[in-house]
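Quick note: the coordinates plus some simple rules give every number you see, no bench work behind them. Given the structure is predicted, the values throughout are model-derived calculations rather than measurements. Every residue, glycine as well, gets a Cβ built from its backbone with ideal geometry; the counts of neighbours run over all protein chains shown.
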Amino acid sequence: MSRTVQCVLLKREAPGLDRPPYPGELGRRIYENVSKEAWQRWVQHQTMLINEYRLTPVDPKARKFLETEMEKFFFGPGSQAPEGYKPPS
């Protein structure tokens with residue numbers, strides 16, 4: 001039986017993650033408050049950020065930027081797409 005969480009993004013109970021997806025306190029908060037579905041939404045958003053900003057995930061500045069955006073995506077006002085971004089049709 002899978003565990004459920006009251007998802008902060010979906011605003012409803014949904015299946016939770018199997019393990020913390022990120023290290024540290026932020027990873028623990030995500031594990032306790034974010035559903036699998038919401039995590040997949042973040043992965044898609046993160047991929048768009050990496051592509052649009054041409055980030056290298058191993059670069060410490062890029063990692064810090066993505067961590068900040070992850071925090072905003074789940075627990076803040078939300079992470080915005082870059083100005084002028086048009087999703088693929």
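Brief remarks follow.
- Less than 5 angstrom separates the built amide H of Leu9 from those of Ser35, all sequence-distant by 5 or more or on a different chain.
- Evaluated with a Cβ-only charge set (Lys, Arg +1; Asp, Glu -1), the chain carries a dipole of roughly 80 debye about its Cα centre, given to the nearest 20.
- Computed on the chain, with alpha-carbon pairs under 8 angstrom and 6+ residues apart, the relative contact order is 22 percent.
- Put simply, the C-alpha atoms of the chain give a gyration tensor, and the ellipsoid matching it has half-axes of 24, 15, 11 Å, longest first.
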